[in-house]
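A.B. asks: One structure follows; several queries about it will come next.
The values are calculated or read from the model by the stated rules, or taken from the named source; none is laboratory data. Everything numeric here is computed off the predicted structure, so don't read it as measured data. Virtual Cβ from ideal backbone geometry, glycine too; neighbours counted across all protein chains shown. For accessibility, only protein heavy atoms count, side chains too; no ligands or nucleic acids. Shrake-Rupley method; radii C 1.70, N 1.55, O 1.52, S 1.80 Å.
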Amino acid sequence: MIESSNGKELVAHEGNSEMEPHVGMEFESEEAAKVFYDTYATHLGFIMRVDAFRRSMRDGKVVWRRLVCNKEGFRKLRPRRSENRKPRAITREGCKAMIVVKKEKTGKWVVTRFVKEHNHQLVATPANSRRTVLLSQTPDEKDIKIRELTAELQRERKRCAAFQEQLDMVLRDMEEHSNHLSRNIDGIVQSVREIESKKIVHSQSK
């Protein structure tokens, strides 16, 4: 059994932490799938990396996730800044090991693909020093960036809405002031006409 920091149960497989993933395996949540595969990776002797994901077109929530070996892919070669610097160790070797989990309509996360084979040596960690990494405390950086940008976008939208409201108030005040001036001008013109009319009548009476 694996538990998160708040005591919530994430994975329970009859106490068998060595259970191998398989297509059709179900999890209660994406986090549970991550924790299970990370525990499996630690036992087998590799490090898991949270990889690609897909979001729902309807609500933007993650509905598909790929978890891979940290040696997946290849590092891009960059020109060395100095000949004196030691080259970085090779950390990616094109390993294909992975699982893919997908959220079903039932709310369960189901393994839809599992690649077991690695193309590099595995170094199993002794059981007495085995780590249990809770990925809920270390979410993938892309998700963090997306949340930050979404929050910033919401703040900007609120600011724009506030500016729009202030602009509308100014425009309403200008319209009311314009209408007030128009009424005053109309009143003045009407008064002038009445005075002129009285003058004409008075001159004719003489």
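A.B. asks: Quick one: which residue in GLU165, GLU152 is in a helix (DSSP H, G or I) and within 21 Å of GLY60 (Cβ to Cβ)?
C.D. replies: Numbers: GLU165 fails: within 21 Å of GLY60 (Cβ to Cβ).
Of the residues listed, the single one that is in a helix (DSSP H, G or I) and within 21 Å of GLY60 (Cβ to Cβ) is GLU152.
A.B. asks: List every residue pair whose Cβ atoms sit under 6 Å apart, with the two residues 6 or more apart in sequence or on different chains, where the first one lies in the range 33-53 and is in a helix (DSSP H, G or I) and the second, anywhere, is aromatic (Phe, Trp, Tyr) and modelled with pLDDT of 90 or more.
C.D. replies: ALA33/PHE27; ALA33/TRP109
A.B. asks: One residue is enough: does the range 78-87 have a residue meeting the conditions open to solvent by less than 30 Å² (accessible area, probe 1.4 Å) and either of a type in the set (Gly, Ala, Ser) or modelled with pLDDT under 90 (or both)? I'd like the intermediate steps shown before the answer.
C.D. replies: The first filter runs over the range 78-87 and keeps only residues open to solvent by less than 30 Å² (accessible area, probe 1.4 Å), leaving none.
The answer is no, given that none of the residues of the range 78-87 is open to solvent by less than 30 Å² (accessible area, probe 1.4 Å) and either of a type in the set (Gly, Ala, Ser) or modelled with pLDDT under 90 (or both).
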